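Since the structure comes first, as structure tokens, the remarks are kept for the end.
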Amino acid sequence: MAVDLSDESAYAVHWAVHHYIHPGDAVILLHVSPTSILFGADWGSINLSISFTEVVDEDGTTTTATKAFEQKVEDDFDKFTALKAVDLARLLREAQIPYKIHIVKDHDMRERLCLEVERLGLNAVIMESKGFGEERRDRDGKLGSVSDYCVHHCVCPVDVVRYLDDTMVACKPWLTLRKRIGGGGHFAEKGE
């Protein structure tokens, strides 16, 4: 499962536990954490971060940032990411589904997800969709989202779980969760 530690990802994990994962399945929670370093096979690593020299503290005091401060901020973010991933895995743990948490860092989340899916030899990917749809489409008509990219570039089937908020359910009460049929899924009508 590709997760970004959002409410939508938590919903996708919940949906997968209740509607997709079968006894004997194992799950890898895959998260790509953003980084200011661009990794490349030919050019090594390039630091893309904006260097800053002054930081304003909560009390309004201005201090000079150091590499140690920048490292502390990154370490704190890594700890937060790990804790959120463990929290997402709670449903898997409670359902006694074997799982691993796999966190990698990269500048390009979409491409790295697809590369990790291939490298790990996954049979399927379940991920969330923010549900932005056409509002986020660019001039070429392409969605440009992580889930859209993965659907078109991953080496295995990708099931995208749309986050159903209260507004969507109220507007379309017939809309329920996707059901897996064969290699794909569809939106099922109530009672199906």
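The values are calculated or read from the model by the stated rules, or taken from the named source; none is laboratory data. Computed from a predicted structure; not experimentally measured. In this analysis, Cβ positions are derived from the backbone assuming ideal geometry, glycine residues included, and neighbour counts consider all displayed protein chains.
Some points to look at:
- Summed over segment 82-99, residues that are out of contact with any helix residue (DSSP H, G or I) (no Cβ under 6 Å at 6 or more places or on another chain) and closer than 17 Å to residue 12 by Cβ total 10.
- Cβ pairs under 6 Å, 6+ apart, first in segment 8-34 and of a type in the set (Ser, Thr, Tyr), second buried (at least 19 other Cβ atoms within 10 Å of the Cβ): 9/3; 9/128
- Only strands (runs of 3 or more DSSP E) whose full extent lies in segment 1-108 are considered here, and none of them has at least 3 residues that are of a type in the set (Lys, Arg), surrounded by 11 or more Cβ atoms within 10 Å (Cβ to Cβ) and modelled with pLDDT of 90 or more.
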